[in-house]
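The structure appears below as structure tokens.
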Amino acid sequence: MTAIRLTLAAAGAAVMTACSSSPEPAPREVQPVPAASAASAGPSPAAARPNPDLSSPETVATGVGVPWGLAFREDGTALVSERDSGRILEIEPGGEPREIYTVPGVDAGGEGGLLGLALKDDWIYAYYTGADDNRIVRFTTGSARPEVIFDGITKGSRHNGGRIAFGPDGMLYVGTGDASEESRSQDPDDPSGKILRLTADGDPAPGNPEEGSPVWTLGHRNVQGLAWDDQGRMYGIEFGQNTYDEVNLIEKGKNYGWPEVEGKGGGTRFTDPIVQWTTDEASPSGAAVAGDTLYVAALRGERLWTVPLGGGSTEAELTGDYGRLRTVAVAPDGSLWLTTSNTDGRGDERDGDDRILRFPSR
């Protein structure tokens, strides 16, 4: 078995400290992503979205407390979660942020708190760290208390995962972390260190690799980004340990190797990433697809990575311009929204942080 893990104590310590951006890295070559197959997440979205103009930023909001989740209603209204306060803010196009809900029971600490958001029909879905675990709830703005639809995801001071999104097949996909307990990632009966696939009610989705199990893929360390392209191909964004961060093409039932492999290990037992970066270049979180490009927000790397899905070189954009970048999403009008994460205890806070940026489509 090939394992490419680096255990230098100094490197591990560096991951846990706030860092300035690294020098511009050499481009990474990306092979064209294979065509979607029966193992992909489901039917394709309606159409490809154009690439955004990254030279024309607009500041949508400032003074937001550790923004984490970002989801859009059909009319373009954005909902943003604040990790530590448990608040959900609504931002109408051209309007000011306003609080519309506070999720009760959020236990913010370390990397935990109110994390991912997703929308379906009239429901708001949220992934958060509670007193005893990480869980998923749903509610409307008029709900007295949220409805718990899935719980029992191990919590930790680090590696809580937290990204949720409805895929093109209408199922709810959930990125979880290993809670710093590495053995959980290879345990098929443990929801930690996995990508889960659930119905809108929180039940294991039909067609999962094992009937009655919520697990879609395993062998993950800390998934904080989920995205689909116009062919329905799914991508998962993975925090590495000390060596490599990953962009993975997510396919039903595959094992992505953690903790046995970090980055590309070769062989047939585990699935290799399509892209890897060193942890100081990336420490990636959210992801979104526009046009033929996957956009990946980098925390420690303080940049927005672009990954050409048709093949070519990855490129780093906005390096150091805004500090730590957490979440990236495409709005209904085709614009790209990006959140900073400089108030999360690991960044160098700037005047106006944290902020939400918008880049118009071309």
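The values are calculated or read from the model by the stated rules, or taken from the named source; none is laboratory data. Note that the structure is predicted; figures quoted are calculated from it, not measured. These accessible areas exclude ligands, DNA and RNA; they are computed on the full protein's heavy atoms, side chains included. Shrake-Rupley method; radii C 1.70, N 1.55, O 1.52, S 1.80 Å.
At a temperature of 37 °C and a viscosity of 0.692 mPa s, determine how fast segment 198-248 diffuses translationally according to Stokes-Einstein, using the Kirkwood radius over alpha-carbon pairs as Rh; express D in µm²/s, rounded to the nearest whole number. My calculation gives 259 µm²/s for D. Here the 3J(HN,Hα) profile of segment 62-79, calculated from phi with Karplus coefficients 6.51, -1.76 and 1.60 at θ = phi - 60°, is 10, x, 8, x, 6, x, 10, x, 8, 9, 10, 7, 4, 7, x, 5, 9, 10 Hz, Gly and Pro shown as x.
When a 1.4 Å probe is rolled over the protein heavy atoms, the share of accessible surface on the chain that falls to carbon and sulfur comes to 46 percent.
Would you compute the Debye intensity of segment 199-328 from its alpha-carbon atoms alone, equal scatterers and no solvent, and pass along log10 I(q)/I(0) at q = 0.10, 0.16 Å⁻¹ to two decimals? Debye output, listed in q order: -0.32, -0.80.
Taking the radius of gyration and the Kirkwood hydrodynamic radius from Cα positions alone, what is the Rg/Rh ratio for segment 322-362, to two decimal places? Mind dumping the intermediate values first?
Details: Rg = 11.3 Å, Rh = 10.7 Å.
Looking at segment 322-362, the ratio lands at 1.05.
Note on segment 118-255: Kirkwood radius taken over Cα pairs, Stokes-Einstein applied at 37 °C and 0.692 mPa s, translational D equal to 219 µm² s⁻¹. Measuring spread by the Cα atoms of the chain yields a radius of gyration and Dmax of 18.4, 54 Å.
In order along segment 354-359, the Karplus-derived 3J(HN,Hα) couplings, from 6.51 cos²θ - 1.76 cosθ + 1.60 at θ = phi - 60°, round to 7, 10, 10, 10, 10, 10 Hz, and Gly and Pro are given as x.
Compute the accessible area per residue over the chain, keeping the other protein chains in place, probe 1.4 Å, unit Å².
Working: 13660 Å² over 362 residues.
Result: 38 Å² per residue.
Using a probe of 1.4 Å, the accessible surface attributed to Lys254 totals some 70 Å² when neighbouring protein chains are kept in position. Each part reduced to its alpha carbon centroid, segment 62-86 and segment 285-362 end up 15 Å apart.
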